[in-house]
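Structure, as structure tokens:
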Amino acid sequence: MRERAISAIVFPSVWGWTMTTAIGAGRTRVHFRLSRVGFGVMTAVAIAGGTLLAKVLPFTAIDWNGLAQGRSPAIVLWQGLGYRLTQPYQILVMGVDRVPTAPLGSPAAFDGRSDTMVLVRIDPQAKEIRGLSIPRDTQTWIAGYGTVKINAANVYGGRRLAVQTVRETLANVQIDRVVRIDTEALVTLIDAVGGVELTVPQRMQYRDRTQNLEIDLQPGPQTLTGRQAEGFARFRNDAEGDIGRIRRQQTLLRALKTKIQSLPWWQWPDLLTTLQTHIDTDLTDQEARALLGFLLEMKGQRIPMESLGGRPSADYEFEASYWLTDNTAIERAIAGKFERQPSGQNF
């Protein structure tokens, strides 16, 4: 009772502080002449709102020390609602070609080739996020299929075989969760946030009718729409090939993170809803919202991203072109940066 009473008094102030910070930061203060009736109504609404909020957000759930030290009130409120990351996660994120014959949003719709593969470690204790890009042409071995490109694993056996293949290729690295994103997710998200600001480094022009892909970008700083950003991320028709494409994808993700962080916090759940039919994952809703809150709190912090070392195969070595890695490059990418899976544990 005592906590609820305190909350009913304190929460109007917290709520007002949050809304003022989120909406009115930097605005010129405007003075209103309030009548007694108007002031009384506003006071009653604030107390009622604080009492209601106190029922779902206990007084003790608020990080008061964090607020005093300058943490974002929006993030504190978000985590106070229970969306708090409490343990590290290592997540395999794959951008996949959607299977057009499968129902939209069904797991089978995500069983296309993975155009992008990134292993991400998120550690709330160390307040750290890092990523490892795995070139889609990386040569690997899959039982029953032989020597193949790593991006074929998702086609042959869905996310389970993709996880198993990445884990075995990367010296038994631990993978806690999987996120598969179809090719339209990036377009949808970027359009939902109003585009992203990027500098296109060179003239990018390419057309692939089989993939319904048309890229036509001029060099220079600009705001890219979702479709244009997709072209920026998928372009590989230059001397850098797949490695240059990975670098541009990392640039795009950083720009998108910056844009999302600039949005009011109450729009974050809408973004998740917008992407629902474009994402297949074994993350729970609670985990997804906790991860979102943590990612947005990392505003301004550099996220280390690297690519799996190796070399492109020569024309005479194989019938297909591969990215060839080795044990030394794999150990350099994993050791001290990602956890390995305990022996005997299966996905």
**OP:** Select from the stretch 259-288 the residues that are within 20 Å of residue 302 (Cβ to Cβ) and out of contact with any strand residue (DSSP E or B) (no Cβ under 8 Å at 6 or more places or on another chain) and write down the one among them that is surrounded by the fewest Cβ atoms within 10 Å (Cβ to Cβ).
**Re:** 262
Original post:
Looking at (1) open to solvent by 30 Å² or more (accessible area, probe 1.4 Å); (2) under 30 Å from residue 339 (Cβ atoms); (3) more than 25 Å from the chain's Cα centre (by Cα), can you tell me which one residue 219 breaks?
Top reply: (2)
**OP:** Need at least 1 residues that are free of Cβ contacts under 8 Å to residues at least 40 places away in the same chain per element, so show me which strands (runs of 3 or more DSSP E) inside the stretch 184-296 make the cut, counting only ones lying wholly within it.
**Re:** 196-200, 204-208, 213-217, 220-224
Subject >> Residues (surrounded by fewer than 20 Cβ atoms within 10 Å (Cβ to Cβ) and of a type in the set (A, V, I, L, M, F, W, C)) located in the stretch 186-203 >> reply: 187, 192, 193, 200
Original post:
Mind checking which residues of the stretch 229-256 are under 15 Å from the mean Cα position of the chain (by Cα) and open to solvent by 40 Å² or more (accessible area, probe 1.4 Å)?
Top reply: 251, 253, 254
Original post:
Which fully enclosed strands (runs of 3 or more DSSP E) of the stretch 89-174 have 1 or more residues being within 16 Å of residue 278 (Cα to Cα) and open to solvent by less than 30 Å² (accessible area, probe 1.4 Å)?
Top reply: 89-96, 114-123
Original post:
For the stretch 176-185, which residues satisfy the criterion of being out of contact with any Pro (no Cβ under 9 Å at 6 or more places or on another chain) and either open to solvent by 10 Å² or more (accessible area, probe 1.4 Å) or of a type in the set (Ser, Thr, Tyr) (or both)?
Top reply: 177, 179, 181, 183, 184
**OP:** Check residue 245 against each of (1) in contact with a Gly (Cβ under 7 Å, 6 or more places away or on another chain); (2) under 23 Å from residue 321 (Cβ atoms) and name the one condition it does not meet.
**Re:** (1)
Subject >> Pairs where the first residue, in the stretch 96-107, is in contact (Cβ under 8 Å) with a residue 60 or more places away in the chain and the second is part of a helix (DSSP H, G or I) and among the β-branched types (Val, Ile, Thr), C-beta under 8 Å, 6+ apart >> reply: 96/183; 97/183; 98/183; 104/277; 105/277
Subject >> Failed item in (1) at positive phi; (2) open to solvent by 30 Å² or more (accessible area, probe 1.4 Å), with residue 207 passing the rest >> reply: (1)
**OP:** Might you let me know whether the stretch 124-136 holds any residue that is at pLDDT 95 or above, touching a Lys or Arg at 6+ places or on another chain (Cβ under 9 Å) and more than 22 Å from residue 243 (Cα to Cα)?
**Re:** no
Original post:
So, of the residues in the stretch 302-346 that are under 22 Å from the mean Cα position of the chain (by Cα), at pLDDT below 90 and surrounded by 11 or more Cβ atoms within 10 Å (Cβ to Cβ), which turns out to be nearest to residue 85 (Cα to Cα)?
Top reply: 303
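The values are calculated or read from the model by the stated rules, or taken from the named source; none is laboratory data. Note that the structure is predicted; figures quoted are calculated from it, not measured. For neighbour counting, all protein chains shown are included, and Cβ atoms are generated from backbone atoms with ideal geometry for every residue, glycine included. Ligands, DNA and RNA are excluded from the accessible area calculation, which covers all protein heavy atoms including side chains. Shrake-Rupley method; radii C 1.70, N 1.55, O 1.52, S 1.80 Å.
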